[in-house]
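Contents: one structure, followed by commentary.
The values are calculated or read from the model by the stated rules, or taken from the named source; none is laboratory data. Because the structure is predicted, anything quoted here is derived from the model rather than measured. Every residue, glycine among them, receives a Cβ derived from its backbone with ideal geometry; neighbour counts consider all protein chains shown. Accessible surface is based on the protein model in full, side chains and every heavy atom, while ligands, DNA and RNA are left aside. Shrake-Rupley method; radii C 1.70, N 1.55, O 1.52, S 1.80 Å.
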Amino acid sequence: MFEFTKDCFIGVNKIDDLRIKFFELLNSLVKDDLSQNSVSKLGTVIEKLSEYAGESFKLEEEYMTEMADKELETQKKDHENFIKNLEALQSGMEEINDETARQ
């Protein structure tokens, strides 16, 4: 399981709260949940990750801009790649079976 420890906090409540929810989402992924088949679970997780990315990435980038963080451009590229990967997963959901989704 993933644990949101003290070193994960940046001190901006809204961003920290979103990151805590992200950790909870990661933990839901690794937990065996027999109430949903794997394809359905994957679809739900992709949807929640998309929501997280849409809100959290914007806030993080705004915060990094305010702080003149030298890693901002790298972070923007990482965020962009994350979103592209999510979009690729979403567009390929029709082709994913339960075994593939579980993996």
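Tabulated data for the structure shown
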read-out: Residues located in the range 1-23, provided they are loosely packed, with under 13 Cβ neighbours inside 10 Å and farther than 23 Å from Asp69 by Cα; value: Met1, Glu3
read-out: Members of the range 83-99 that are open to solvent by less than 70 Å² (accessible area, probe 1.4 Å), over 13 Å from Thr44 (Cα atoms) and touching a residue at least 40 places away in the same chain (Cβ under 8 Å); value: Ile96, Asp98
read-out: Scan of the range 31-58 for residues that are more than 14 Å from the chain's Cα centre (by Cα), assigned to a helix (DSSP H, G or I) and surrounded by fewer than 16 Cβ atoms within 10 Å (Cβ to Cβ), ordered by number; value: Ser40
read-out: Those residues of the range 3-22 which are within 16 Å of the chain's Cα centre (by Cα) and part of a loop (DSSP other than H, G, I, E, B), in sequence order; value: Glu3, Phe4
read-out: Thr100 at pLDDT below 95 and part of a helix (DSSP H, G or I); value: yes
read-out: Thr65 vs. criteria at pLDDT 95 or above, of a type in the set (S, T, N, Q) and over 17 Å from the mean Cα position of the chain (by Cα); value: yes
read-out: Residue pairs meeting the criteria (Cβ under 8 Å; at least 6 apart or on separate chains; first at pLDDT 85 or above, in the range 25-52; second in a loop (DSSP other than H, G, I, E, B) and surrounded by 13 or more Cβ atoms within 10 Å (Cβ to Cβ)); value: Leu26/Phe2; Asn27/Phe2
